[in-house]
Amino acid sequence: LHSAALPLLVLTPNHSQPLALDRGKRMLSPAASGAWALQRLEAVGALIGVTLRTGSTLPFELANVVWLALLGEAPSLQAYAKVDKSFTELVTQVRDNSHPSCPDMDPEAFDAVYDCITFAMHRSDGGSTVELKPGGASLSLTYHNRSEWCSLATAFRLHECDAQTAAVRRGVA
């Protein structure tokens, strides 16, 4: 299950962050979206179900946020920080206008600092880029649209594996 040959689970984005949580843990891969992959994720769910029912143990090195999702808990940015510290810090800095080197920037300075960020994001596994809204790849983050960007970016990241989570849950049942 933890092999790159079966790309259903991927290391959390925190795996490369020296002081982050859940560094050695896995999360569901957002790339596992085809029928073949979703069927395999249902089989993973069935394995989890067997271990729960029999008291057996298997080395499911899943991040806490995955277990919470499997239990039906609503995702939160705070919980997601345990798997992607960089993303959650960026969202917080943009939302609160609290860049560490220059907090409380005026709109012009804010736009200059964040002009390389658009309304498009890479998936959490580093895969393809997804527009957060139509035309998002050509729409820059600005001081005036930062609340919208934060809402869309957070919703995208927290829900990018909903289909995969649903498949595992079907298998557990």
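Selection of region 59-70 for residues being outside any strand (DSSP E or B) and either farther than 19 Å from ALA155 by Cα or open to solvent by less than 60 Å² (accessible area, probe 1.4 Å) (or both) yields PRO59, PHE60, GLU61, ALA63, VAL65, VAL66, LEU68, ALA69, LEU70. Inside region 87-112, residues that are open to solvent by less than 60 Å² (accessible area, probe 1.4 Å) and either closer than 22 Å to SER33 by Cα or out of contact with any Asp or Glu (no Cβ under 8 Å at 6 or more places or on another chain) (or both) make up a count of 14. Screening LYS82 on (1) within 24 Å of the chain's Cα centre (by Cα); (2) assigned to a loop (DSSP other than H, G, I, E, B); (3) farther than 27 Å from PRO7 by Cβ; (4) of a type outside the set (Ser, Thr, Tyr) shows it passes everything except condition (3). Restricting region 32-58 to residues that are part of a loop (DSSP other than H, G, I, E, B) and touching a helix residue (DSSP H, G or I) at 6+ places or on another chain (Cβ under 8 Å), the residue that is most open to solvent (accessible area, probe 1.4 Å) is THR57.
The rows are residues; the columns are (1) closer than 23 Å to LYS85 by Cα; (2) in a loop (DSSP other than H, G, I, E, B); (3) open to solvent by 30 Å² or more (accessible area, probe 1.4 Å).
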| position | (1), (2), (3) |
| --- | --- |
| CYS116 | yes, yes, yes |
| SER124 | yes, yes, no |
| LYS133 | no, yes, yes |
| SER147 | yes, no, yes |
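Could we say that ALA20 is open to solvent by 30 Å² or more (accessible area, probe 1.4 Å) and more than 23 Å from SER128 (Cα to Cα) here? Against the criterion (open to solvent by 30 Å² or more (accessible area, probe 1.4 Å) and more than 23 Å from SER128 (Cα to Cα)), ALA20 does not qualify.
List every residue pair whose Cβ atoms lie under 7 Å apart, where the two residues are 6 or more positions apart in sequence or sit on different chains, the first residue falls within region 94-121 and is under 28 Å from GLU160 (Cα atoms) and touching a residue at least 12 places away in the same chain (Cβ under 8 Å), and the second residue, located anywhere, is open to solvent by 30 Å² or more (accessible area, probe 1.4 Å) and of a type in the set (A, V, I, L, M). These pairs meet every condition: HIS99/VAL113; THR118/ALA137; THR118/LEU139; PHE119/LEU139; PHE119/LEU152; ALA120/VAL130; ALA120/ALA137; MET121/VAL130. Residues in region 129-139 that are without any contact (Cβ under 8 Å) to a residue 24 or more places away in the chain and not basic (Lys, Arg): THR129, GLU131, PRO134, GLY135, GLY136, ALA137, SER138, LEU139. Does ALA167 count as open to solvent by less than 50 Å² (accessible area, probe 1.4 Å) and out of contact with any Lys or Arg (no Cβ under 8 Å at 6 or more places or on another chain)? Yes, satisfied.
Residues that are hydrophobic (A, V, I, L, M, F, W, C), under 23 Å from THR12 (Cβ atoms) and touching a residue at least 12 places away in the same chain (Cβ under 8 Å) are absent from region 140-147 altogether.
The values are calculated or read from the model by the stated rules, or taken from the named source; none is laboratory data. The structure displayed is predicted, hence computed values, not measured ones. When we count neighbours, we look across all protein chains shown, and the Cβ atoms used for this are built from the backbone with ideal geometry, even at glycine. Only protein heavy atoms, including side chains, enter the accessible area calculation; ligands, DNA and RNA are left aside. Shrake-Rupley method; radii C 1.70, N 1.55, O 1.52, S 1.80 Å.
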